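A quick write-up on the structure given underneath.
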Amino acid sequence: QVQLVESGGGLVQAGGSLRLSCAVSGRSFGRYVVGWFRQAPGKEREFVAAINWSGGGPFYGDSLKGRFTVSIDHIKNTLYLQMNNLRPEDTAVYYCTAAVQGTAAESGSWGQGTRVTVSS
């Protein structure tokens, strides 16, 4: 049982940067994989990044081209997504996720989402 709360979304200009945060709480989740998905209106949900809470990874979606970095602050129990050189195509609702290793993200916990809008 894991609870996730995202924050840090907003409006940025193309080429700018943004850091999303996801506060993780609940029972022990050392064997969880945590990460990010995004979904733009009218488009399918897209995998962004994932990392094992206790080590391993990270893993990134093919479309990110090295612009995003996922990390964990274990002291604060917070997952981050550093987004650099943002493009209008990055506009989406970003969701923090947590799932037991070996299970699908869809079967795990999801945050409420945080909106990222990148203007031209």
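The values are calculated or read from the model by the stated rules, or taken from the named source; none is laboratory data. All figures in this text were calculated on a predicted structure; none of them were measured in a lab. Counting neighbours? That spans all protein chains shown, and the Cβs are built from the backbone with ideal geometry, glycine included. Surface areas here come from the heavy atoms of the whole protein model, side chains and all, with no ligands, DNA or RNA. Shrake-Rupley method; radii C 1.70, N 1.55, O 1.52, S 1.80 Å.
Tabulated data
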| item | result |
| --- | --- |
| Residue within region 86-100 that is farther than 18 Å from ARG45 by Cα, at pLDDT 95 or above and open to solvent by less than 60 Å² (accessible area, probe 1.4 Å) present | yes |
| Among (1) farther than 19 Å from VAL2 by Cβ; (2) within 11 Å of the chain's Cα centre (by Cα) - the single one GLN13 does not satisfy | (2) |
| Scan of region 56-81 for residues that are surrounded by 14 or more Cβ atoms within 10 Å (Cβ to Cβ) and not aromatic (Phe, Trp, Tyr), ordered by number | GLY57, PRO58, GLY61, LEU64, ARG67, THR69, VAL70, ILE72, ASN77, THR78, LEU79, LEU81 |
